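One structure is given here, and the rest of the page talks about it.
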Amino acid sequence: MKITTLERFTMKMDTDGPIPENSPELGVCHSWTGAVSKDYGSFWNGRKVVSAHRWSYENFVGPIPDGLELDHLCRNTLCVRPSHLEPVIHKENMKRGLYGTKIECPRGHLLSGYNLILKGSNKDGRQCRLCHNKAAKRYRDKKAKAKKELE
């Protein structure tokens, strides 16, 4: 007896996954236990390798609307539970994800209050004021040194 694509898919998901810390009301994640590529589950749909979370959404909910991508509301990229996935525009996905939720810059400074610079036309870019000011000072010092050497 041949196994169906749906049966193969469900064999590779753990329905007793973790409860998301950021949104416990979502319930447990359905964690992908199959192949992984670039932090996302990969699944052979019978014709080609596809993202497991996209296959899950399209199979259990319906097509992903044109121009949208799936946001993991649980922030777990290996989750394939359809209720944890929401179609959004790329900009919204980035805003909600890693870049929108970071509370520290790479050097460990808090990204809040006076130390947070909002950049971009929609003020959706975030930058650390301390690091920005240090980089600006290095740039000014370099320019002043070059100017002094020319004199």
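The values are calculated or read from the model by the stated rules, or taken from the named source; none is laboratory data. All figures in this text were calculated on a predicted structure; none of them were measured in a lab. Cβ placement follows ideal geometry from the backbone for every residue including glycine, while neighbour counts extend to all protein chains displayed. Each accessible area value is taken on the protein alone, full model and side chains, heavy atoms only, with ligands, DNA and RNA left out. Shrake-Rupley method; radii C 1.70, N 1.55, O 1.52, S 1.80 Å.
Structural remarks
- Taking the C-alpha atoms only, the angle from helix 129-150 to the longest principal axis of the chain is near 40 degrees.
- Along the axis of the charge dipole computed for the chain (Cβ charges of +1 for Lys and Arg, -1 for Asp and Glu, origin at the Cα centre), the listed residues Leu116, Tyr57, Gly67 are led at the positive end by Leu116.
- Per-residue ellipticity at 222 nm, computed for the chain from helices alone with -39500 (n - 2.57) per DSSP H run of at least four residues, works out to -9500 deg cm²/dmol.
- Phe43 accessible area, 1.4 Å probe, all protein chains in place, Å² to nearest 10: 0 Å²
- Using the Cβ-Cβ distance between Leu110 and Arg138 with R0 = 22 Å, the FRET efficiency computed as 1/(1 + (r/R0)^6) comes to roughly 0.50.
- Rounded, prolate or oblate (a/c below 1.5 giving rounded, otherwise prolate when a/b exceeds b/c) for the chain by Cα gyration tensor: prolate
- With θ taken as phi - 60° and the Karplus curve 6.51 cos²θ - 1.76 cosθ + 1.60 applied, the whole-hertz 3J(HN,Hα) list for region 53-60 is 5, 5, 4, 4, 4, 5, 6, 9 Hz, x standing for glycine and proline.
- Accessible surface ranking that places the most exposed of Met94, Met1, Met13 first, with a 1.4 angstrom probe: Met1, Met94, Met13
- About its Cα centre, the chain has a charge dipole of approximately 1300 debye under the convention of +1 per Lys or Arg Cβ and -1 per Asp or Glu Cβ, with nothing else charged.
- The largest accessible area among Arg138, Arg54 belongs to the first residue in Arg138, Arg54, and the rest follow in falling order (1.4 Å probe, all chains).
- Cysteines of the chain lacking any other cysteine Cβ under 4.7 Å from their own Cβ: Cys74.
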